[in-house]
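Novice: This is the structure I want to talk about, given as structure tokens.
Just so you know, all these numbers are worked out from the coordinates, no wet-lab data involved. Please read these numbers as outputs of a predicted model, since none were measured by experiment. FYI the Cβ positions are ideal-geometry reconstructions off the backbone, even for glycines, and counts take in every protein chain you see.
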Amino acid sequence: MADLSNKKRMALPMQEMPLHPGEERVKNFEEVPIGYSDEMAKQEALRCIQCTKPGCIPGCPVGIDIPAFIQLIEDGDFGGAVKKIRETNFLPAICGRVCPQDKQCQLDCVVGKKNKPVEIGSLERFVSDYERDNGGPVLPDIDPDTGKKVAIIGTGPAGLTAAYELRKKGHAVTCFEAFHRPGGVLVYGIPRFRLPLDIIDADVAFLEEMGVEFVYNMIIGKVLTLDDLLKKEGFDALFIGTGAGLPKMLGIPGENANGVYSANEYLTRIYLMNADKFPTYTTPLVQGNKVAVVGAGNTAMDVMRTAKRLGADVTCYYRRAREQAPARTEELHHAEDEFINWKFLSNPVEIMYDENNKVTAIKCEKMRLGEPDSSGRQKPVGTGETFIDEIDTLIFSLGCNVNPIIPSTDKKVTTNKWGIVMVDEKNYMTNKPGVFAGGDAVTGGSTVILAMGQAKVAAENMNKYLKGEIKWGEANVPDNPNWPGIVWDKPKPKKAATQK
Ligand SMILES: Cc1cc2nc3c(=O)[nH]c(=O)nc-3n(C[C@H](O)[C@H](O)[C@H](O)COP(=O)(O)OP(=O)(O)OC[C@H]3O[C@@H](n4cnc5c(N)ncnc54)[C@H](O)[C@@H]3O)c2cc1C
Ligand code: SF4
């Protein structure tokens, strides 16, 4: 460890992640951050004061030993650092790129009280890149075959994590995926300029090397039911990781016009079906010149930045003010750097279209901020004044509900009134014997790392179930339709995080 006082460490400047400039990056789908050099990573690692009660670890839903991996970076042992992360997180390259560290591990970083918090995400990204450039990850030890078969439904981060954990325990694991390729939202939601495809593919190849099998184009609930899997196909336990991919719309006139998309459909067409390369690929897409995006969350930023890269003039319509936009600050900045237009305090009330049913304009009511609502945010209130903007494409980005196919075809898997799959909050068992669930299916939509954290707990309990250590009858599944789904509260450190 470098001989440097905590005071000096805390005063060191943060190493800013180098980015491709806005005017260049809107012309391509290359990843926006360039990455740290070895020297930058070591410099950033020097800023960590190795707290005795670190604020960062409770902020990580999979409990990575953050100070330990940062210490290894400071010591120049980059391989050791990534191995340390892999003890609890098998997707470091993905998490280093997409985790909302500002709301999780970096939120309570002690250095952040006086200076900018340690860039934990950038350091995680750095060591995962180092690993890829230096032979890739080493296969974990796999327990001897147990003779038990497990089916994972859905191959988003929840399904992939459950597959990894259960395969390590010696079970035979098969993943069923509705689409023709794995990854879930990692592939068809998060854009390539934030998460390149080869990173996801490498993680799936790693699982295949461990012996996990993948079956694509298989919609469970339609082609095979849960009972088929349990009774005919001989699976001993199932994990539902089917996510939340049912888009919400506003319910205003004109939503069925051509050229109106949900964010999910728009992104899926481009990133899963290559619709931007139509007719080379078979899925078409209206490539708009004037694109309106409704909403200001992280998904809206992804949609706008994607449309911009396809050459459109893009405007964000949001009924509240900029300060209330739910997107991460970094995402807003990235979108601002990429020349997005903003119409805050603008609430869409109608979509206009021509005789060919093609969208032509958006009508909005101007809003003002009123009294705070139950969330504490000032409520947007209509002013009665409206305006009309000409557009040729409109994309709603208003969030999603849980995929309904499985619960609608198997009534034993109970859901709350919003369609969220109900599980025992401790072990993630559903109401159906042998069936567990995790990820967006049980939260209604959250983050990659939370989906992974839940899948880990579910897999641990599935393993116990398969070994006969816990029984289905012991599950405490809620029966209240207002049950909110699993909510992650970042645990508060018992005492304030402290320095060494
Ligand atoms: C555009 C967008 C951007 C996002 N950006 C971020 C980000 O930057 N950081 C972050 O942490 N989170 C982000 N999120 C949220 C994050 O991606 C999700 O919380 C996470 O992917 C949930 O993982 P999951 O495995 O539960 O579900 P999903 O990733 O949704 O995967 C579910 C999988 O199940 C499959 N499936 C569904 N039904 C069936 C069925 N009946 N049979 C077989 N397969 C089925 C689906 O095809 C899919 O592959 C973003 C979400 C979106 C939409
Ligand atoms: S909370 Fe402490 S140990 Fe964790 S990253 Fe910040 S300085 Fe390092």
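Novice: Along the three principal axes, how long is the range 1-118 when you take its alpha carbons, biggest first, rounded to the nearest angstrom?
Specialist: Principal-axis extents of the Cα atoms in the range 1-118, largest first: 46, 31, 27 Å.
Novice: Exposure proxy check: His20, His171, His180 ranked by fewest other beta carbons within 10 Å?
Specialist: On the way: His20 16, His171 24, His180 9.
Listed from fewest to most nearby Cβ atoms, that is His180, His20, His171.
Novice: Still on this model: Binning every alpha carbon pair distance of the chain at 10 Å from zero, what are the percents per bin?
Specialist: Going from the shortest bin to the longest, the percentages are 4, 18, 27, 27, 18, 6, 1, 0.
Novice: Sorted by packing (mean other beta-carbon atoms within 10 Å per residue), highest first, where do 276-285, 253-262, 291-300 land?
Specialist: Values: 276-285: 12.4, 253-262: 18.0, 291-300: 26.4.
Sorting 276-285, 253-262, 291-300 by mean packing, highest first, produces 291-300, 253-262, 276-285.
Novice: Compute the distance from the alpha-carbon center of the range 17-35 to that of the range 105-130, in whole Å.
Specialist: 21 Å
Novice: Related question: Given H placed 1.01 Å from N in the peptide plane, which residues other than close sequence neighbours of Thr393 have an amide H under 5 Å from its amide H?
Specialist: When sequence neighbours closer than 5 places are left aside, the close amide H contacts are Lys290, Ala292.
Novice: Of Val421, Tyr465, Trp483, which is farthest along the charge dipole of the range 377-500 in the positive direction, counting Lys and Arg as +1 and Asp and Glu as -1 at C-beta?
Specialist: Value computed over the given set: Tyr465.
Novice: Given the peptides 115-125, 468-478, arrange them by the average over their residues of other C-beta atoms within 10 Å, most packed first. Mind dumping the intermediate values first?
Specialist: On the way: 115-125: 23.2, 468-478: 13.2.
Order by mean packing, descending: 115-125, 468-478.
Novice: In deg cm²/dmol and to the nearest 500, what is the mean residue ellipticity at 222 nm of the chain if only DSSP H runs of at least 4 residues count, each as -39500 (n - 2.57), divided by the residue total? Kindly include the intermediate steps, with their values, before the conclusion.
Specialist: On the way: 16 runs with 145 residues, N = 500.
That calculation yields -8000 deg cm²/dmol at 222 nm.
Novice: Size of the range 249-399 along its principal axes in angstrom, Cα-based, largest extent first?
Specialist: Dimensions of the range 249-399 along the principal axes of its Cα atoms: 52, 38, 25 Å.
Novice: What order do you get for Ser37, Ser375, Ser397 when you list them from fewest to most C-beta neighbours inside 10 Å? Display every interim value, and only then the final one.
Specialist: Details: Ser37 12, Ser375 8, Ser397 28.
Going from least to most buried by this count: Ser375, Ser37, Ser397.
Novice: State which entries of Lys149/Lys464; Lys114/Lys343; Lys113/Lys426; Lys169/Lys426; Lys290/Lys358; Lys42/Lys83 exceed 25 angstrom in Cα-Cα distance in the structure shown. Present the calculation step by step, with values, prior to reporting the outcome.
Specialist: Working: Lys149/Lys464 14 Å; Lys114/Lys343 35 Å; Lys113/Lys426 33 Å; Lys169/Lys426 20 Å; Lys290/Lys358 13 Å; Lys42/Lys83 17 Å.
Table pairs above 25 Å Cα-Cα are Lys114/Lys343; Lys113/Lys426.
Novice: Counting other beta carbons within 10 Å of each residue's own, what order do Val215, Val111, Val173 fall into, fewest first? Don't skip to the answer; put the middle values down first.
Specialist: Working: Val215 14, Val111 23, Val173 26.
Result, fewest neighbours first: Val215, Val111, Val173.
Novice: Which value, in debye to the nearest 20, gives the size of the charge dipole of the chain about its Cα centre, when Lys and Arg are +1 and Asp and Glu are -1 at the Cβ? The partial results should precede the final answer.
Specialist: Working: 61 positive and 66 negative charges, 290 e Å.
It works out to roughly 1400 debye.
Novice: Still on this structure, I have one more. Residues with amide H under 5 Å of Gly170's amide H, sequence separation 5 or more or different chain, H placed in the peptide plane at 1.01 Å from N; which?
Specialist: Asp143
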